[in-house]
Amino acid sequence: MSEIFARIESQLEPDDELTARVLAEAQKLSDEGRCAGTGAKLS
Amino acid sequence: MQNEEPDIRELEETINRYKRTVYGIAVTQLNSRSEADDVFQEVFLLYYQKKPEFDIEEQKRAWLIRTAVNICRRYNFGKWSRYVDKTTELEELQIVCDPGDREVYAAVRELPPKLREAVYLHHFLGMDLRETADILGIGVSAVSMRLSKARGLLQNKTEG
């Protein structure tokens, strides 16, 4: 079963656009100071 | 894309390393690319906002998997039916495979969510029983029982 899953898993990849969207949203959160690691307060 | 900010750059590296793992969990648990996209974003933005610290890389992987599983549970909890929407075909999930693989994967998709979680973590991601139990928040014996039950159901479906 593991071999079948491995073959299928290789197709379960998100679009690059999705990664770009997450990074853009993270940048927005950072700019707004809503991240724990930036020294800013969590809102 | 190469970002100048260290935190964003670290996030990008984390996404590139674990995107297939997180996305695979979401697609398998939710049977929907659009919901998997939402879970994917939620997991990595939570990671970015919380900035959890880990001693070893394996802990980060476990955190991301546990978070993805928990978010998928929330999505499934809100659904009318707890079971797979069998009308969602593999083509819709953009998965192309030979008939034998298709039969097994389709049978996995029809397992109840609790069994599917255990099967995915153990057989897909190669986690041992202890790791699988920790992620699911249950005992090792419960994982063994779920896997055994899942194997029985899969055998019935693929042989019948």
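The values are calculated or read from the model by the stated rules, or taken from the named source; none is laboratory data. From a predicted model like this one, the values you see are computed outputs, not experimental measurements. Using ideal geometry, Cβ is built from the backbone for each residue, glycine included, and neighbour counts are taken over all protein chains shown.
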Exercise for the section: Would you mind telling me which numbered condition in (1) more than 8 Å from every other protein chain (Cβ to nearest Cβ); (2) in contact with a Lys or Arg (Cβ under 9 Å, 6 or more places away or on another chain); (3) at pLDDT below 70 A:K28 fails? Expected result: (3)
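Residues that are at pLDDT below 80 and surrounded by 16 or more Cβ atoms within 10 Å (Cβ to Cβ): does region B:75-84 have at least one?
Taking every residue of region B:75-84 in turn, at least one turns out to be at pLDDT below 80 and surrounded by 16 or more Cβ atoms within 10 Å (Cβ to Cβ).
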Practice task
Quickly run through region B:1-55 and pick out the residues that are among the small types (G, A, S) and in contact with a Ser or Thr (Cβ under 8 Å, 6 or more places away or on another chain).
Solution key: B:S32
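Answer yes or no as to whether B:R66 is part of a helix (DSSP H, G or I), outside the structural domain of B:R130 (by TED's automatic domain parsing) and modelled with pLDDT under 95. Working first, answer last.
On the way: part of a helix (DSSP H, G or I): yes; outside the structural domain of B:R130 (by TED's automatic domain parsing): yes; modelled with pLDDT under 95: no.
Considered against the rule, which asks whether it is part of a helix (DSSP H, G or I), outside the structural domain of B:R130 (by TED's automatic domain parsing) and modelled with pLDDT under 95, B:R66 comes out as no.
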Practice task
Would you be able to say whether some residue in region B:49-57 is aliphatic (A, V, I, L, M), at pLDDT below 75 and assigned to a loop (DSSP other than H, G, I, E, B)?
Solution key: no
